[in-house]
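Visitor: Questions regarding the structure given below will be posed in turn.
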Amino acid sequence: MSLLKPRTRLSNARSFLSDGRGEILVAVATGWFLSIGVRLAYPVLLPFLRRTYGLDLTTAGLLLTTLWLCYALGQLPGGLLADRFGEGTVLVASTVISAVTLGLVAVAGSAPVVYLATGAFGFGTALYGVARFTTLSDIYPDNDGTAIGITMAAGQAGNTLLPLAAGGIATAVTWQYGFGLAVPAFAVVAVGLRLVVPARTSSATSAVDSVSLETARYVGSQLRRPEIVTVTAIQILTYCVWQAFTGFYPTYLIEIKGVSEGVATGLFSAFFATGIVVQPLTGRLYDRFGIRTALPPVLSVVVASLVALPFLEDFWPIAVGTVFLSSILGYGTITLPYMTAAFPSDMKGTGLGFLRTVYMTIGAASPVLFGALADRGYFDEGYLVLAGLVAVAVALTWWLPEQ
């Protein structure tokens, strides 16, 4: 019996990666590593951008809102294009656009150009967001939570390493190089995706091949289902919290907790490094127990951690608190596979893209609002407000159907 379990696990792992699925998983995960990692370098580079362009906390928050609002607005087009032209095609296009627009951020000579180029970069990376979920849902119909969890863990590796690298480069040389050196990396990933990922992973039949009243009614009927409405409300609340927290955590540590920029960057990277472990675990919990059982304990840890944060002093308590705060990175591997699988195969990209546009557009407002609150001296109180939003999300899980 002792030998059977390792053999069974090895067999399951081989099956999970067989038939070219392993290469696709690695390629999609690598693209997400770069896409999300570069976006999360913005909070680390925010103090440098503030000094360069004379931004206060509110206008710095507006830059983050520009990034994430454009990322939100690109979700629905990304989903529509994935359904219409194929998931692999959209993944490659997103990566190419990201390379070009990030290059513009790096060479921008004024704040308005930085805002415009940042918005274009956000929109370009948005096209990747929906297509990666639908690709993995198609490739792994029985283990989508695990596959998406692994991909999101790769994203956390990007969030751990790329902000740390960008911060080190900005300190040693200049912040522009922190962005500019990622441009060739995007180009290499685009080539890899083109070689490995099929142009289309879903059925050739799409609900959005034509625009008609009947199509709109069909899509609308799916979006109005009670479980979709409830999980979207949960996603709106948790995404607002994620946006505000990640956008200002390094700045909060520097200005309120009194740590150095290097220590703040290290703690921010540790936050995402813990997510590398958290996300596959929560994805597995979803696969095994379903959303209604797996989600409440994860969100409850988030509530307790946010409430405790303003009261933590000195390095080690803050470091331990940062580890517990990383539980916020685990909710997406539960809610997003649920949202993806809830739609019929002929409109997965469109349905998920629409919902991501809704909750991300609302969530994009949270950095500028949080920054305005911090500018008025309520930085600590802002985290208590975030804890309240997550508590409401916990309560909403009771309205999700049993699985």
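The values are calculated or read from the model by the stated rules, or taken from the named source; none is laboratory data. Just so you know, these numbers come straight off a predicted model, no measurement behind them. Please note: Cβ atoms are built from the backbone with ideal geometry, for glycine as well, and neighbour counts cover all protein chains shown. Side chains included, ligands, DNA and RNA excluded: accessible areas come from the protein's heavy atoms. Shrake-Rupley method; radii C 1.70, N 1.55, O 1.52, S 1.80 Å.
Visitor: Could you tell me whether the stretch 359-403 comes out rounded, prolate or oblate from its Cα gyration tensor? Rule is a ≥ b ≥ c as square roots of the eigenvalues, rounded for a/c under 1.5, then prolate if a/b exceeds b/c, otherwise oblate.
Guide: Since a/c reaches 1.5 but b/c is at least a/b, the shape of the stretch 359-403 is classed as oblate.
Visitor: Additional query: Just by accessible area at a 1.4 angstrom probe, what is the order of Asp314, Asp56, Asp138, Asp83 from largest to smallest?
Guide: Asp314, Asp56, Asp138, Asp83
Visitor: Round to the nearest 10 and give me the degree value, 0 to 90, for the angle of helix 348-363's Cα axis relative to the longest principal axis of the chain.
Guide: The two axes meet at around 20 degrees.
Visitor: Based on Cβ point charges of +1 for Lys and Arg and -1 for Asp and Glu, what charge dipole magnitude is obtained for the chain about its Cα centre, in debye rounded to the nearest 20?
Guide: Result for the chain is approximately 600 debye, rounded to the nearest 20.
Visitor: While we're on this one: Based on the Cβ-Cβ distance of Thr171 and Glu23, what FRET efficiency does E = 1/(1 + (r/R0)^6) give at R0 = 56 Å, to the nearest 0.05?
Guide: Taking R0 as 56 Å, the efficiency between Thr171 and Glu23 is 0.90.
Visitor: In degrees from 0 to 90, rounded to the nearest 10, what is the angle of the helix 332-341 Cα long axis to the longest principal axis of the chain?
Guide: The answer is roughly 30 degrees.
Visitor: From the Cα trace of the chain, what convex hull volume per residue do you get, rounded to a whole Å³?
Guide: 141 Å³
Visitor: Is the shape of the stretch 320-391 rounded, prolate or oblate, going by the alpha carbon gyration tensor and its root eigenvalues a ≥ b ≥ c, with a/c under 1.5 for rounded and a/b larger than b/c for prolate?
Guide: It comes out oblate by the Cα gyration axes.
Visitor: Under 1.5 on a/c is rounded, so check that first for the stretch 269-321, then, if it is not, pick prolate when a/b is larger than b/c and oblate when it is not; a ≥ b ≥ c are the square roots of the alpha carbon gyration tensor eigenvalues.
Guide: The shape class here is oblate.
Visitor: With every protein chain left in place, what is the accessible area per residue of the chain in square angstrom, probe 1.4 Å?
Guide: Spelled out: the 1.4 Å probe surface of the chain, per residue, equals 40 Å².
Visitor: Still on this structure, please answer the following. Express in whole angstrom the spacing between the alpha-carbon centres of the stretch 231-275 and the stretch 105-182.
Guide: So the separation of the two Cα centres works out to 16 Å.
Visitor: How compact and how long is the stretch 42-127, expressed as Rg and Dmax of its alpha-carbon atoms in Å?
Guide: Rg and Dmax of the stretch 42-127, Cα atoms, are 14.1, 44 Å.
Visitor: Take every Cα pair under 8 Å in the stretch 291-403 that's 6+ residues apart, average their separations, divide by the length, and report that relative contact order as a whole percent.
Guide: Once divided by the residue count of the stretch 291-403, the mean separation gives 47 percent.
Visitor: Using only DSSP helix segments of four residues or longer, with each worth -39500 (n - 2.57), what per-residue ellipticity at 222 nm results for the chain after dividing by its residue count and rounding to 500?
Guide: My calculation for the chain gives -27500 deg cm²/dmol from helical runs alone.
Visitor: Continuing with the same structure: How about the stretch 353-403: which chymotrypsin sites (Phe, Trp or Tyr not before Pro) there are in a DSSP loop, with at most 14 other Cβ atoms within 10 Å of their Cβ?
Guide: Answer by residue number: Tyr378.
Visitor: Suppose accessible area is computed on protein heavy atoms with a 1.4 Å probe; arrange Phe123, Phe268, Phe33 from highest to lowest.
Guide: Of Phe123, Phe268, Phe33, the descending order of accessible area is Phe123, Phe33, Phe268.
Visitor: Same structure again: Roughly what would the spin-label model give for Val385 and Trp398, points 7 Å off Cα along C-beta, in nm?
Guide: That separation, rounded to one decimal, is 2.6 nm.
Visitor: Could you go through the stretch 300-312 in sequence order and give the Karplus-derived ³J(HN,Hα) for each residue, using 6.51 cos²θ - 1.76 cosθ + 1.60 with θ = phi - 60°, rounded to whole Hz, and x for Gly and Pro?
Guide: Those phi angles translate into 5, 5, 4, 4, 4, 5, 5, 5, 6, 3, x, 9, 7 Hz.
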